[in-house]
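Novice: Dropping a structure here in structure tokens format, bear with me for questions.
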Amino acid sequence: MLSALTLALLAPTATDTIRAQAASVRPLVTSAVATDWLSQTAALSEPTPRKLFRHKKRGTWLSEIDQQKLIPSLAMDYREVPVTGELYYNTKYGSPIAYSRAVDLLGRAGLSTLKGKRLFDFGYGGIGHLRLAALAGAQATGIDVDPFLTTLYSHNSDQGRYGRGSVRVLTGYFPSDAKVVKEVGGGYDVFLSKNTLKRGYIHPERPVDKRQLIDLGVSDEGFLAAVKRMLKPGGYFLIYNLSPAQNPVDKPYIPWADGRSPFSKEQFEKSGFEVLSFDVDDNEAAHQMAHALGWDQGARPMDLKKDLFAHYTLVRRKR
């Protein structure tokens, strides 16, 4: 009988799983840039070992360094959480390979390579897809407001040079905070948002608790102007959203179930963007990707046709 230690050593690592997922998804992508992005999983590394600490009551997080600064009586209020590869790459949102469709759409639209490109992800949610972009040669930046991500990626090995490119993750409110806008900078080739810029989050069709919404802090036109300023002429702005089924009218409204663009085609055009695709139904491709990733399998299989919907909008800054 194999020992527990031997079984642990034989178990697939998080990066083993990501590589297997990439292999399953690879037949679904057609662009060179998506194929290259998926191939970078071969070089994806496990995270540097570290611990996090979560407050037992408040649910707030501390890094190991910050926890060690606490006096013993306060330190006892936190429980230790080891940073596994699965937590590091999947966080709360699942595999980074779920970005494969978004990357492929950019490739189909004309993005031939990530080498030497600057990519920005609004609401990045996890570092895996940024690391893959960096391995492909991109300068990849992500921004989010979730303090958990700030703590999770606070080790000095998480940012900076990675492969042929680099990774940078920021915390803050873009573009309502001028300091954050300055830190973000400009000259980007791609502005990407997956599962964040949803109409339901920003312009819900029914009354909903404001805590479930996303407040951009500026008008629609102000947000689009900020995106335009940070993109190079000809740069791409892609909104890609996966959503569950919406509740019927006699049930509570689900903001994240409306994955259409929060901005109209006319707003994009007036803000200086060329609209390449607007609110395209991408259900079939999303179902194929979800099946390849095993979302319709296991103990709690998803009914893809009834509970997974996809929309994307792709625009380009006019030259």
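The values are calculated or read from the model by the stated rules, or taken from the named source; none is laboratory data. Note that the structure is predicted; figures quoted are calculated from it, not measured. Here the Cβ is made from the backbone with ideal geometry for all residues, glycine too, and neighbour counts use every protein chain on show.
Novice: Scan the range 7-16 for residues that are closer than 30 Å to Ser112 by Cα and free of Cβ contacts under 8 Å to residues at least 40 places away in the same chain and jot them down.
Specialist: Asp16
Novice: Take the residues in the range 180-203 that are over 13 Å from Leu119 (Cα atoms) and polar (S, T, N, Q); name whichever of them is surrounded by the most Cβ atoms within 10 Å (Cβ to Cβ).
Specialist: Thr196
Novice: Taking the range 246-295, which residues are among the aromatic types (Phe, Trp, Tyr) and outside any loop (DSSP other than H, G, I, E, B)?
Specialist: Across the range 246-295, the qualifying residues are Trp256, Phe268, Phe273, Phe278.
Novice: Kindly provide the set of residues from the range 13-32 that are farther than 23 Å from Asn283 by Cβ and in a helix (DSSP H, G or I), ordered by number.
Specialist: Matches in the range 13-32: Ala14, Thr15, Asp16, Thr17, Ile18, Arg19, Ala20, Ala23, Ala32.
Novice: Would you check which residues across the range 133-177 are of a type in the set (A, V, I, L, M, F, W, C) and part of a strand (DSSP E or B) and list them?
Specialist: Ala140, Ile143, Val167, Val169, Leu170
Novice: Can you find, within the range 156-179, the residue that is farthest from the chain's Cα centre (by Cα) among those that are surrounded by fewer than 16 Cβ atoms within 10 Å (Cβ to Cβ) and within 14 Å of Phe223 (Cα to Cα)?
Specialist: Ala178
Novice: So, in the range 22-41, of the ones that are closer than 17 Å to Ala140 by Cβ and of a type outside the set (A, V, I, L, M, F, W, C), which residue ends up surrounded by the fewest Cβ atoms within 10 Å (Cβ to Cβ)?
Specialist: The qualifying residue surrounded by the fewest Cβ atoms within 10 Å (Cβ to Cβ) is Ser39.
Novice: Suppose we filter Phe273, Phe309 for residues that are crowded, with 21+ Cβ neighbours inside 10 Å, closer than 22 Å to Arg26 by Cα and of a type in the set (Phe, Trp, Tyr); which single one remains?
Specialist: Details: Phe273 fails: closer than 22 Å to Arg26 by Cα.
None of the others qualify; the one that does is Phe309.
Listed here are the residues, each with its yes/no results for (1) of a type outside the set (Gly, Ala, Ser); (2) outside any loop (DSSP other than H, G, I, E, B); (3) modelled with pLDDT of 95 or more; (4) touching a Lys or Arg at 6+ places or on another chain (Cβ under 8 Å).
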| site | (1), (2), (3), (4) |
| --- | --- |
| Ser73 | no, yes, no, no |
| Glu80 | yes, yes, yes, yes |
| Glu86 | yes, yes, yes, no |
| Tyr89 | yes, yes, yes, no |
| Tyr93 | yes, no, no, no |
| Ser100 | no, yes, yes, no |
| Leu105 | yes, yes, yes, no |
| Arg108 | yes, yes, yes, no |
| Thr113 | yes, no, yes, no |
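Novice: Any residue that is within 12 Å of the chain's Cα centre (by Cα) and of a type in the set (A, V, I, L, M, F, W, C) - is there at least one of those in the range 106-117?
Specialist: no
Novice: Another question, then. Within the range 47-55, does at least one residue satisfy the condition of being farther than 23 Å from Thr15 by Cα, surrounded by fewer than 13 Cβ atoms within 10 Å (Cβ to Cβ) and of a type outside the set (Asp, Glu)?
Specialist: No: zero hits.
Novice: Restricting to the range 290-303, name every residue that is surrounded by 17 or more Cβ atoms within 10 Å (Cβ to Cβ) and within 18 Å of Ala257 (Cβ to Cβ).
Specialist: Once the filter is applied, which keeps residues that are surrounded by 17 or more Cβ atoms within 10 Å (Cβ to Cβ) and within 18 Å of Ala257 (Cβ to Cβ), the range 290-303 yields Ala290, Trp295, Met302.
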